[in-house]
1. For segment 144-172: of the residues being under 14 Å from residue 36 (Cβ atoms) and part of a helix (DSSP H, G or I), which is most open to solvent (accessible area, probe 1.4 Å)?
2. So which pairs qualify, if the first residue must be in segment 91-117 and part of a helix (DSSP H, G or I), the second must be surrounded by fewer than 13 Cβ atoms within 10 Å (Cβ to Cβ), the Cβ gap must be under 6 Å, and the two must be at least 6 apart or on different chains?
3. Grab the helices (runs of 4 or more DSSP H) fully contained in segment 9-80, keeping just those with 2 or more residues being among the charged types (D, E, K, R) and more than 27 Å from residue 105 (Cβ to Cβ).
4. From the set of residues in segment 162-185 that are among the aliphatic types (A, V, I, L, M) and without any contact (Cβ under 8 Å) to a residue 40 or more places away in the chain, which is nearest to residue 40 (Cα to Cα)?
5. Among the residues of segment 147-191, how many are within 15 Å of residue 84 (Cβ to Cβ) and of a type in the set (D, E, K, R)?
Amino acid sequence: MSRTEPTPPLRSVRDPRSLRALAHPARIALLEALAVRGTLTATEAAEIIGGNASNASYHLRTLASHGYVAQAEGGVGRERPWRLDGAGMSIDENDEDPNVAQAARALAEVFSERWDERRRRYHATRDQYPEAVRRAAGEGQALLFVTPEEMAQVKEEIVAILLRYQDRVEDPAARPEGTVPFEVVVSNVPFDLAPERPADV
């Protein structure tokens, strides 16, 4: 897929059971590993998330039952490889169904904790990365005075840019030589000044 072709929309997950099934650090770790590696057997997955192949196989089967992963071709038994069943998803913490909203919030919290941990780990080890990677990495912040409708448009445009590269997650063969897995986390929340602390008496 070229960078200018339209990309399919993200899969919208609205089943509370599927959201709760994913809100498990080991299962999220498996999805992340599959996104980077392309395919993994249960044995390989266990080396990444810890535990044994039986435990990894259980988590992979659970993810498969909710449509997050699928078996890839080749292999037998626990040596059968698994792959993502479509990369990328959207969840709505403001879903009209309170059960969906609650499950989405719990999942978003797990994602947020993992993002924060990776960010801290990068800053602690950044000198170990090549200069080109360090220059491409970074953080930014902007204060926008926009209407909610304008902010929604900004968010849609950012997501559209990111989705242009989604095929490289789903198909490792589409990754150009020299590709590095960068994580891009977009957060847009209302800006609120922290209340002043009362003066010590």
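1. Going through the qualifying residues, I end up with 170.
2. Once the first residue is part of a helix (DSSP H, G or I) and sits in segment 91-117, its partners that are surrounded by fewer than 13 Cβ atoms within 10 Å (Cβ to Cβ) give 115/185.
3. Values: elements: 16-22, 25-37, 42-49, 53-65.
In segment 9-80, 42-49 are the helices (runs of 4 or more DSSP H) which contain 2 or more residues that are among the charged types (D, E, K, R) and more than 27 Å from residue 105 (Cβ to Cβ).
4. Going through the qualifying residues, I end up with 173.
5. Matching residues across segment 147-191 total 5.
The values are calculated or read from the model by the stated rules, or taken from the named source; none is laboratory data. Given the structure is predicted, the values throughout are model-derived calculations rather than measurements. In this analysis, Cβ positions are derived from the backbone assuming ideal geometry, glycine residues included, and neighbour counts consider all displayed protein chains. Just so you know, the surface numbers come from the protein's heavy atoms only, side chains and all, with ligands and any DNA or RNA stripped out. Shrake-Rupley method; radii C 1.70, N 1.55, O 1.52, S 1.80 Å.
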